[in-house]
Structure formats: C-alpha cells, structure tokens
Amino acid sequence: MGRRLAGEHPVEADLVMPTPESGTPAAIGYAEASGIPFGHGLVKNAYVGRTFIAPSQTIRQLGIRLKLNPLRDVIKGKRLIVVDDSIVRGNTQRALVRMLREAGAAEVHVRISSPPVRWPCFYGIDFATRAELIATGLDTDSIRASIGADSLGYISEDSMVAATEQDPSALCTACFSGSYPIELPAEDQLGKDVLELQFPVREGADPTDVGTLDVEGVAPSAALGGSDAVRRP
Ligand code: SF4
C-alpha cells in the first residue's frame with residue numbers, strides 16, 4: 001500500500017516517517033518506492049493508553065501530545081512525509097503536524113494508506129459516529145487545511161484493494177465506500193452501544209438472565225461470565 005501511495009501521491013521531501021506504530025509498514029513501502037530515506041521522527045511513549053478510545057476530546061488531545069514525542073535532531077529543517085494508516089477524527093494528525101512544525105520541520109506532507117473514512121463500522125470496530133468523522137463533510141483539501149499540513153494524499157480505494165491481492169468481493173470496504181456487505185438492522189438497532197441497549201443494567205437484575213438477543217441466528221447461549229460481561233457497566 002505504501003508503494004502504491006507513493007506512486008499516486010509523490011512529493012519532494014527529505015524524510016519519510018511513520019506515525020508510530022500504525023503508519024510504519026506503509027511508510028517503509030513509501031520510502032522504498034520513492035527513494036526518499038526512511039526514518040523515525042517520533043517516539044511513542046508505551047505507557048500512555050490508546051487516544052482513539054479515550055472518553056473525551058480534551059483527554060484524547062492531551063493524550064496525543066503525551067504519547068508522541070518528536071525527535072528534534074531528526075526533524076529540524078527537513079521536508080517530512082508523514083505516513084499513517086487512516087484519519088478518523090483528524091485530532092491525531094492535527095496535533096502531530098503542529099508538534100512537527102514546533103520541532104522545526106520545514107514542510108509536513110501527510111500521506112494516508114487508506115481512502116477517506118466516511119462511514120461508521122457496524123461490524124465490531126469501536127468507531128466514531130458519522131458526524132465525528134472528519135472526511136464525512138470535508139473534501140481532501142479542506143481536511144489538509146484543517147490538520148494544517150502542506151499537502152495531503154490518500155491512497156485510492158482501487159489501489160488499496162489491489163494491494164491486498166484479494167478478490168474484491170471478499171473484502172469489506174464499507175467505512176470508505178458506504179457499501180455494507182451485510183444488510184444493516186433498523187436505525188434504532190445500530191451503533192456501538194447496541195449491546196448495552198439490548199441489556200440495560202437494572203437494579204437487582206439476575207446476571208444469568210441474558211434476555212432474547214439473537215444475532216444473525218446465533219442464540220445467546222452466554223455462560224455466566226458472558227452475560228455478566230454484557231451487563232457490567
Ligand atoms: S472495512 Fe468494514 S469491517 Fe473493517 S472497519 Fe471498515 S466497515 Fe468495519
């Protein structure tokens with residue numbers, strides 16, 4: 001994907017660097033295809049949790065600055081290509097671009113090894129709502145301006161799928177295309193809180209009573225631990 005991304009969105013630069021760790025494989029491919037040296041301009045603090053799942057915007061943004069630390073000697077005066085695997089809300093990339101400029105980067109070009117994420121996932125990935133996805137309402141240049149980058153390039157859906165060397169009909173691309181391979185349930189049954197809504201926590205509820213949830217014909221033969229996990233606030 002990184003090699004194809006370099007072919008689709010070339011730019012003159014001094015260093016290709018990943019957003020650790022999500023951008024590393026594609027950044028290596030981008031560097032190989034472009035001939036621009038690969039390097040690490042950011043180090044990740046392994047003791048700060050995932051910002052993507054932090055409960056509020058403020059905590060997420062603070063978390064990004066705590067989590068990623070710029071290596072000034074590597075960055076200063078360089079034209080950087082920063083590669084990541086996706087942009088969801090845009091907060092990570094915005095904080096990152098700012099951090100890199102503060103550390104002395106001459107230019108920051110962002111390259112993304114997936115197409116714009118415009119649709120929610122209903123298949124188990126903990127995702128932002130559609131309104132929170134930055135690509136829902138903005139075109140690529142507006143996203144570039146929003147995150148403060150000098151340029152922004154996403155791999156095309158065709159290239160991403162081709163890079164997998166899989167039959168396209170075997171792949172889900174719903175969060176990019178809006179085309180869901182499995183029919184979705186009614187609107188009020190959608191969302192990442194669906195299990196909590198199916199199993200509201202009641203005072204004095206019997207934790208072995210798992211209700212009547214039946215997902216795709218699979219009956220909820222949840223054992224004691226399973227039902228407890230679903231009910232636990
Ligand atoms: S590709 Fe499909 S399963 Fe994967 S995150 Fe996107 S919508 Fe969910």
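The values are calculated or read from the model by the stated rules, or taken from the named source; none is laboratory data. Quick caveat: nothing in here was measured; it's all calculated off a predicted structure. Methodologically, a virtual Cβ is constructed for each residue, glycine included, from the backbone with ideal geometry; neighbour enumeration extends over all protein chains shown. Surface areas here come from the heavy atoms of the whole protein model, side chains and all, with no ligands, DNA or RNA. Shrake-Rupley method; radii C 1.70, N 1.55, O 1.52, S 1.80 Å.
Worth a mention:
- Restricting attention to the stretch 167-182, the residues being more than 12 Å from the ligand (Cβ to nearest atom) and assigned to a loop (DSSP other than H, G, I, E, B) number 1.
- Looking only at the stretch 137-166, and only at residues there that are open to solvent by 50 Å² or more (accessible area, probe 1.4 Å) and either closer than 17 Å to Asp84 by Cα or in a helix (DSSP H, G or I) (or both), the one that is modelled with the lowest pLDDT: Gly137
- Residue in the stretch 55-65 that is closer than 23 Å to Tyr30 by Cβ and either crowded, with 16+ Cβ neighbours inside 10 Å or at pLDDT 75 or above (or both) present: yes
- Of the residues Val108, Val201, the single one that is over 15 Å from the mean Cα position of the chain (by Cα) and at pLDDT 75 or above is Val108.
Yes/no per residue for (1) more than 20 Å from the chain's Cα centre (by Cα); (2) modelled with pLDDT of 95 or more:
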{"site": "His9", "(1), (2)": "no, yes"}
{"site": "Leu15", "(1), (2)": "yes, yes"}
{"site": "Gly23", "(1), (2)": "no, yes"}
{"site": "Pro37", "(1), (2)": "yes, yes"}
{"site": "Ala46", "(1), (2)": "no, no"}
{"site": "Gly49", "(1), (2)": "no, no"}
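- Residue list for the stretch 118-134, filter: under 18 Å from Gln93 (Cα atoms) and near the ligand (Cβ under 8 Å from one of its atoms): Phe127
- Residue check for Leu96: more than 16 Å from the ligand (Cβ to nearest atom) and either surrounded by fewer than 21 Cβ atoms within 10 Å (Cβ to Cβ) or within 18 Å of the chain's Cα centre (by Cα) (or both): yes
- Residues located in the stretch 107-136, provided they are in a loop (DSSP other than H, G, I, E, B), at negative phi and surrounded by fewer than 15 Cβ atoms within 10 Å (Cβ to Cβ): Tyr123, Ile125, Asp126, Thr129
- Test for Ala27: is it within 19 Å of the chain's Cα centre (by Cα), assigned by TED's automatic domain parsing to the domain that holds Gln93 and either among the acidic types (Asp, Glu) or part of a helix (DSSP H, G or I) (or both): yes
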